[in-house]
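The values are calculated or read from the model by the stated rules, or taken from the named source; none is laboratory data. From a predicted model like this one, the values you see are computed outputs, not experimental measurements. Cβ sites come from the backbone with ideal geometry, for glycine too, and all protein chains shown count toward neighbours. These accessible areas exclude ligands, DNA and RNA; they are computed on the full protein's heavy atoms, side chains included. Shrake-Rupley method; radii C 1.70, N 1.55, O 1.52, S 1.80 Å.
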Amino acid sequence: QVRLVESGGGLVQAGGSLRLSCAASGSIINIAAMAWYRQAPGKQRELVASITSGGLTNYADPVKGRFTISRDNAKNTVVLQMNGLKSEDTAVYYCNADLVVTVTPGVHNYWGQGTQVTVSS
């Protein structure tokens, strides 16, 4: 069974920092792109940042300069370092990955269960 498990969410004051981690486990052959999304109450889920297997990154405009995405291919993990947090960053953050797994041919998209980030102003 393939799983993406997030950790590191919590409550922080505005201006503070949090570090989110996501570990992929299971019958994984290869991991292509990995990403973080977020969904605030009453809003659609949106892309926060993504990173390719080669390390190319992409960020949503609201987080540019404040968030950094990185990955460790040997450990099948992706990290989102969030600095200068604002109240508008409050949301459930989801890990997402395109995986090649043993049980099913092709590339498949997986989601983690989400972790709550709350920024108090």
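What is the local net charge at VAL119, summed over the other residues whose Cβ is closer than 12 Å to its Cβ (Lys, Arg +1; Asp, Glu -1)? So the surrounding residues net to +1.
For the chain, the fraction of 1.4 Å probe accessible surface lying on carbon and sulfur atoms is 49 percent. Secondary structure note: in the chain, about 90% of the DSSP beta bridges are antiparallel.
Equivalent-ellipsoid semi-axes for region 1-65 (Cα gyration tensor, √(5λ), whole Å, largest first): 23, 16, 13. Extension gain for the segment ASN58 to ALA32, taken as residue separation times 0.36 nm less the Cα-Cα distance, is 7.9 nm to one decimal. Quick one: net charge of MET34's neighbours, Cβ under 9 Å, K/R +1, D/E -1? Local charge sum for MET34: 0. Derived scalar couplings between HN and Hα for region 96-108 equal 9, 8, 9, 10, 9, 10, 6, 7, 9, x, x, 9, 10 Hz in order, rounded to whole Hz, by the Karplus curve 6.51 cos²θ - 1.76 cosθ + 1.60 (θ = phi - 60°), x for Gly and Pro. Counting Lys and Arg as +1 and Asp and Glu as -1 over every other residue whose Cβ lies under 15 Å from the Cβ of TYR93, the net charge comes to +2. In this structure the amide hydrogen of LYS86, modeled in the peptide plane, comes within under 5 Å of the amide hydrogens of GLY15, none closer than 5 places in sequence on its chain.
Taking one quarter of the surface of the C-alpha convex hull of the chain gives a mean projected area of 7.2 nm².
The simple spin-label model puts a point 7 Å past each Cα toward its Cβ; for ASN83 and SER7 those points are separated by 2.4 nm.
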